[in-house]
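**Q** Supplied in structure tokens, the structure appears directly below.
The values are calculated or read from the model by the stated rules, or taken from the named source; none is laboratory data. Here the structure is a predicted model, which means the values were calculated and not measured. We place every Cβ from the backbone using ideal geometry, glycine too, and count neighbours over all the protein chains shown.
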């Protein structure tokens, strides 16, 4: 969705989880504000995506970072920063966006003069994005998900319980209990 009232580029939190897009903690959380300037009850924007590649039907690709918010009606919202950068011409009757600004002619489509995009685009992860997704509630504990650390045992502590094994003895035999 293009939104000339949105102060940033936003991606729905549920959509990002379903696509496996990792969430990164923002350095400075930002409030979500309504048109009248009041803060919305959804709280602060605390997470963002890494750079994602926006791919449109006509081959237009660009790298964008999205703030993650709860917006179930629209999966992705391109706001004022995107609109200012591309300065598109919009035909509301034909529902087309024409990228013919000097920026687009030079950066997006050096060979084309006018590029018309139907209002349908998609998101993909950048090729260098290979790390697995860690859900937002667990972002503070990323060290726990380190694969190298997972192969080692924790250090011994004074409160460890000792289990004495008798060499050569038989294991106890008992019936197997169902867990369900």
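**Q** Does the stretch 90-109 hold any residues that are crowded, with 16+ Cβ neighbours inside 10 Å, out of contact with any helix residue (DSSP H, G or I) (no Cβ under 6 Å at 6 or more places or on another chain) and in a helix (DSSP H, G or I), and which are they?
**A** Once the filter is applied, which keeps residues that are crowded, with 16+ Cβ neighbours inside 10 Å, out of contact with any helix residue (DSSP H, G or I) (no Cβ under 6 Å at 6 or more places or on another chain) and in a helix (DSSP H, G or I), the stretch 90-109 yields 105, 108.
**Q** Test each condition in (1) farther than 17 Å from residue 3 by Cβ; (2) at pLDDT below 85 for residue 50 and report the one that comes out false.
**A** (2)
**Q** Let me ask another. Would you tally the residues in the stretch 1-20 being modelled with pLDDT under 90 and part of a loop (DSSP other than H, G, I, E, B)?
**A** 9
**Q** Looking at residue 55, is it outside any loop (DSSP other than H, G, I, E, B) and either at pLDDT 70 or above or surrounded by 17 or more Cβ atoms within 10 Å (Cβ to Cβ) (or both)? Give the derivation first.
**A** Details: outside any loop (DSSP other than H, G, I, E, B): yes; either at pLDDT 70 or above or surrounded by 17 or more Cβ atoms within 10 Å (Cβ to Cβ) (or both): yes.
Judged against the criteria, residue 55 is a match.
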